[in-house]
Amino acid sequence: MRFSSDIQDLVSRREKGKSLEAPFYNAPEILKLDVEAIFNQHWIFVAVEPELPEPGDCITVEVGRASILLLRGDDMEIRAFHNVCRHRGAKLIDERATTIGNIVCRYHGWTYNEDGDLILAEHMGAGFDKSCHGLKAVHIRSIAGLIFICLADEAPKDIDEMARVMTPYIAPHDIANCKVAFTSDLIEEGNWKLTMENNRECYHCEANHPQLTVPLSEFGFGFSPDEMDERRSEDVKKYTNAVENDHKRWESCGLPSAEEDHLSDVTGFRTMRLPLMWEGESQTLDTKVASKKLLGKFTDPKLGGLSFWTHPNSWHHFMSDHIVTFSVLPLSADRTLVRTTWLVHKDAIEGEDYNLDNLTQVWKMTNQQDADLVRLAQLGSEQPSYEPGPYSSFTEPHVEAFCDWYIARMKQHLAKGKSGAATK
Amino acid sequence: MRFSSDIQDLVSRREKGKSLEAPFYNAPEILKLDVEAIFNQHWIFVAVEPELPEPGDCITVEVGRASILLLRGDDMEIRAFHNVCRHRGAKLIDERATTIGNIVCRYHGWTYNEDGDLILAEHMGAGFDKSCHGLKAVHIRSIAGLIFICLADEAPKDIDEMARVMTPYIAPHDIANCKVAFTSDLIEEGNWKLTMENNRECYHCEANHPQLTVPLSEFGFGFSPDEMDERRSEDVKKYTNAVENDHKRWESCGLPSAEEDHLSDVTGFRTMRLPLMWEGESQTLDTKVASKKLLGKFTDPKLGGLSFWTHPNSWHHFMSDHIVTFSVLPLSADRTLVRTTWLVHKDAIEGEDYNLDNLTQVWKMTNQQDADLVRLAQLGSEQPSYEPGPYSSFTEPHVEAFCDWYIARMKQHLAKGKSGAATK
Amino acid sequence: MRFSSDIQDLVSRREKGKSLEAPFYNAPEILKLDVEAIFNQHWIFVAVEPELPEPGDCITVEVGRASILLLRGDDMEIRAFHNVCRHRGAKLIDERATTIGNIVCRYHGWTYNEDGDLILAEHMGAGFDKSCHGLKAVHIRSIAGLIFICLADEAPKDIDEMARVMTPYIAPHDIANCKVAFTSDLIEEGNWKLTMENNRECYHCEANHPQLTVPLSEFGFGFSPDEMDERRSEDVKKYTNAVENDHKRWESCGLPSAEEDHLSDVTGFRTMRLPLMWEGESQTLDTKVASKKLLGKFTDPKLGGLSFWTHPNSWHHFMSDHIVTFSVLPLSADRTLVRTTWLVHKDAIEGEDYNLDNLTQVWKMTNQQDADLVRLAQLGSEQPSYEPGPYSSFTEPHVEAFCDWYIARMKQHLAKGKSGAATK
């Protein structure tokens, strides 16, 4: 596992239709390469705009070993910088979220403005050139309020395509007029790819997510036609009709709903508006809206759930009354942060328009259930008897799509001759 | 330490009569090789049959990075399998002990029967062959109720010899009609070999184990003849006579008692029935039996203590009224699990026939005292000034025998050209 | 980072005037080399004599992976030994401080006298030669009561020069007649070099150490002449005069006060007696003496603060009434122990002559403030965007001097062809 040739081998011999070989899930060397090849080269979902509503609002996110600060300026633009002083390298902002004027290093007072320019550095003498010591900028892009950053020198350009396709889907949910109702940071004891694989199928949902599946059809996430009897075939037909009818109704209200699959793009993603069954309105225990103040200009609570999945690290559910976003960030080969953010209309009042427990319960429970499954999968992958097993082509095609994308991106990276870095 | 040649050197240059060089006690690379060469290739003591008395009873044990599940079937046979689902590799049984029907994976419901056959896997489609996806079996062998497993493809055959020799010694204690009274898991902060070395001598007992040594003679574990005065010589003679008399008495009751030393076998072991002095009956603070219900068909409480030591990871003490077994499992180069199990007659009633504190106190205290010594030995071995020191040929011959066996097994393994694996 | 050539490169290409490259602050391989090249080869400050006032008093210190025991003998000499039994390598003294007769190993009773000679080892037989199994000695040197040890076979000889220069400075503070009033062990979450760099400048003091700086002039630790206006120039002149006057006064009382800079020596050090401004007497919140019993033969409380800084791991402040010493010991690449010891006159009575809170408050707070800055610097150095930044030639020359010394010592070590060891 020490030499890039080993990793190259592992990547090359990946068998289609099966889970990855064990080192992809537990070797620290591969986690290092994942950070380098995946998280440092692609657009990563890290936050939503309502986390920084006002000028001076600043949040920090950790991507791999990098700490990035996001700062909303007086011009209302959000900029991203590496969170490191250019003097002796102290971390600048230590808090997860704060409000600041300029960016002042606590160590020796070096001060940067909202553009990252160094504007004050005492005792450095007449010959010192401040203009060479500004903060290092990071690419940032907001898609209808969802903030993506890219740490690469050159960011993948097909973010434009994702923005073009997704903006009409997301915009009606009007993130700009949302507020953060709750954020949860859950550390899963598993590799980030196991977290993602878990998210990319609902084969495990019926047995493990009793709360989430209340308004979901068992046919919404694939099934084997070989195991159908007549009753089930009838049910499938009903479900297919329901989707068709809902999509027609929603599209006629200006809500794009059809599936869009761009999972092979560099900036890979997929979206679809899915019905919530049996008069369901939202992802709550009683399937009714959690917030009385509907989002944007919505008046109908029954808009199903718009799902938006991105490679490599996020998924999002948009309902008529609230939005839930998920950001996945690797902490080590076997620990992963899942940050979940619940958004409601900015005018919704807690206790009046919504109850926080009711809003968050389904996904808090579902996240915990998933964390437990991810932990078991990690524990299995660490055993010498583990070997890649077969994905179901009916219920796990998007797990396969995720692995395909991952392996393709790794190959691309290794071909660029950058693999050496991972063995340092 | 990175390359197998370094380890080969260390193994080759081992100096007889001395403790091992430091890396054997603290290098993670050698721990990895220990697992591969010792724990994955030999018969390892992991449990006693009374831990799984009924059909459906299931326990899990961790040997190196492997989790193994032991399941008693409806036919009362105990089988062992790798505890990993063949679908996406989730750990199947997460509990230390449970009772189950079939083995059902929590992730996607794949189901295996008690023979490890895959009997249910939904949505895999018509072409999927269940028979290729059964659980991976592990060798298992019970010697008069002591359960040994072997993870190797081919298990050492001389377990037959150990069974042949030991069954007559152990059988009268009738493990089949015992129950588990107590189990303790103690994590020692030292290498597993330091735990074993500590167990293989009683040179340290007098100063460190005031409770254990109450019924033990100071001459029972070796002494230097050069340091004897007349009084001590007299005492030795008395002790030797006591052993002789006890052995005669016990053998006449059908209890084999003589020392058997097979410490150089691949499945190395040693046994001996040792007197408990001064009218002692058992390993308790007052040296009297802890349980009124004697084991098997015993009527005489004064049967001394039958000790049974195995390479690489166990020792056992059988008295007239109870049994204590010890299983040693490495957790990392400097952490070791010592699992101790106390057995009494299955009809003995706690509070009436035995008091749990009285039963367990001597070995709980002794284990803790040993753990502290192992910790000090580990701390010393981690220091640059450590160098192998001399074993006493009078009091530490079995420590030497353990190290000889270990080094011989390592040489054998490295000669098989499998050493490469340790450097991966 | 695995091969010595990488480290050689890093050392060779160090850019003067800038902080070190990131691996110097966070690579475990370099920490290993630091221990080998710096802490195992140089004189390390570890204790003060009043920690072992009586015969039989024994303390232990951990330098890198080595545990060293310091023992005051019946002849009042302090000797230092590796804290490892020569039998099976157990750590001998497990306590931080204790009082003993001989040194007895708890494992098997091997016993060493105060010269480290093995005087008892039971059961080793007639042929065993005790004289070959004495404790391994460590170089030790007390400079006016400050105890330095050296783990190298041959210790740097220029400790003589440090003793010659420093004894007249320190002796009047009479450590022999001091007692330890308090000791604090603070673990900083940063590399030991960041702890040292932090200590070697006061550029950060004004913003971060409100308590420490009460009696300190902002000009005492350097300033850029380019940033002076007329008022500040006037203030500088006043401060320079104050230093001159104080030095004259102190020297006339037999207290050497002038700066001595030997920072390029192998046993590098620097000293200076600095004024405490505005009638200040000591490093306390109210700047008055903390202890009524002045040290040695002092009668004047206004003796400023004698500072003594040593490479690689200590600094010390001597006032008229108390002494504070600091010892820095690396625990890992990113964790460092700072041990602080406060000394007062041995006849000073707590509660009467001094109040412990008042005595320790300034440095307890200052240490914590520094620990926080070191943590931020460490967090920054671990980020991929970190790059060496410029030191101020006015306020950070001694940081530069520390880095110069460190790099020079590393070069010297690598040139000796010993670098191989670091890659093992």
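Every read-out reported here was derived from the displayed coordinates using simple, explicitly stated rules and does not represent laboratory data. Since this is a predicted model, take the numbers as computed values, not measurements. Here Cβ is always computed from backbone atoms with ideal geometry, including for glycine, and neighbour counts include all displayed protein chains.
Hey, what number do you get for chain C at 222 nm if only DSSP H runs of n ≥ 4 count, each worth -39500 (n - 2.57), divided across all residues, to the nearest 500? Intermediate results must be reported in sequence, preceding the final value.
Numbers: 9 runs with 112 residues, N = 424.
Here the helix-only value at 222 nm equals -8500 deg cm²/dmol.
Do any GluC sites (Glu not before Pro) in region A:324-424 lie in a DSSP loop with no more than 12 other beta carbon atoms within 10 Å, and if so, which?
Details: sites: A:E350, A:E352, A:E382, A:E400; in loops: A:E352, A:E382.
Sparse-neighbourhood loop GluC sites (Glu not before Pro): A:E352.
Pairs of alpha-carbon atoms within less than 8 angstrom and 6+ residues apart define the contacts here; what relative contact order does chain C have, in percent? Display every interim value, and only then the final one.
Values: 805 pairs, mean separation 94.0, N = 424.
Rounded, it is 22 percent for chain C.
With the crude spin-label approximation of a point 7 Å out along Cα→Cβ, what separation in nm comes out for C:D185 versus C:K238?
So the label points at C:D185 and C:K238 sit 4.6 nm apart.
What ranking do B:H317, A:H345 get, fewest neighbouring Cβ atoms within 10 angstrom at the top? Show your work: numbers first, answer last.
Values: B:H317 17, A:H345 22.
In increasing order of surrounding Cβ atoms, one gets B:H317, A:H345.
Out of the chymotrypsin sites (Phe, Trp or Tyr not before Pro) in region B:233-298, which ones are loop residues according to DSSP with at most 12 other C-beta atoms within 10 Å? Intermediate values should be presented prior to the final figure.
Details: sites: B:Y239, B:W250, B:F269, B:W278, B:F298; in loops: B:W278, B:F298.
Those satisfying the criteria are B:W278.
Compute all pairwise cysteine Cβ distances in chain C, then list the cysteines with no distance under 4.7 Å to another cysteine.
So far as the 4.7 Å Cβ criterion goes, C:C58, C:C132, C:C150, C:C178, C:C253, C:C403 stand without a partner in chain C.
How far, in nm to one decimal, is B:A126 from itself in the other copies if the label point is set 7 angstrom along Cα toward Cβ? Shortest first, please.
Copy-to-copy label distances at B:A126, shortest first: 8.9, 9.0 nm.
Do any GluC sites (Glu not before Pro) in region A:214-299 lie in a loop, going by DSSP, with at most 16 other beta-carbon atoms within 10 Å of their beta carbon, and if so which?
Numbers: sites: A:E218, A:E227, A:E230, A:E234, A:E244, A:E251, A:E259, A:E260, A:E279, A:E281; in loops: A:E218, A:E259, A:E279, A:E281.
Those satisfying the criteria are A:E218, A:E259, A:E279.
7 Å from Cα along Cα→Cβ at both A:L331 and B:V165: what's the point-to-point distance in nm?
My value for the distance between the label points is 5.0 nm.
Rounded to whole Hz and in sequence order, give me ³J(HN,Hα) for region B:77-90 from the Karplus expression 6.51 cos²θ - 1.76 cosθ + 1.60, θ = phi - 60°, writing x for Gly and Pro.
These are the phi-based 3J(HN,Hα) values: 6, 9, 10, 10, 9, 5, 8, 9, 6, 7, 7, 10, x, 5 Hz.
Could you put A:R79, A:R273, B:R88 in order, starting from the residue whose Cβ has the fewest other Cβ atoms within 10 Å? Before the final figure, lay out the partial values.
Values: A:R79 17, A:R273 22, B:R88 31.
Ordered by Cβ neighbours within 10 Å, fewest first: A:R79, A:R273, B:R88.
Using the alpha-carbon atoms, what tilt in degrees (0 to 90, nearest 10) does helix C:159-170 show relative to the longest principal axis of chain C?
Long axis of C:159-170 versus the principal axis of chain C: about 50 degrees.
Hey, can you grab everything whose amide H is under 5 Å from the amide H of A:G304? Only 5+ residues off in sequence or another chain; H modelled, so Pro and N-termini drop out.
It is A:L276, by chain and number.
Can you give the average number of partner chain beta-carbon atoms within 10 Å of each beta-carbon in peptide C:369-382, as a whole number? Don't jump to the answer; show the numbers that get you there.
On the way: counts 1, 0, 0, 3, 6, 2, 3, 12, 8, 3, 10, 14, 5, 6.
The mean count of partner-chain Cβ atoms within 10 Å per residue comes to 5.
Rank the residues A:I349, B:I407 as a footprinting-exposure proxy: fewest other Cβ atoms within 10 Å of their Cβ go first.
On the way: A:I349 12, B:I407 17.
Sorted ascending by nearby Cβ count, the order is A:I349, B:I407.
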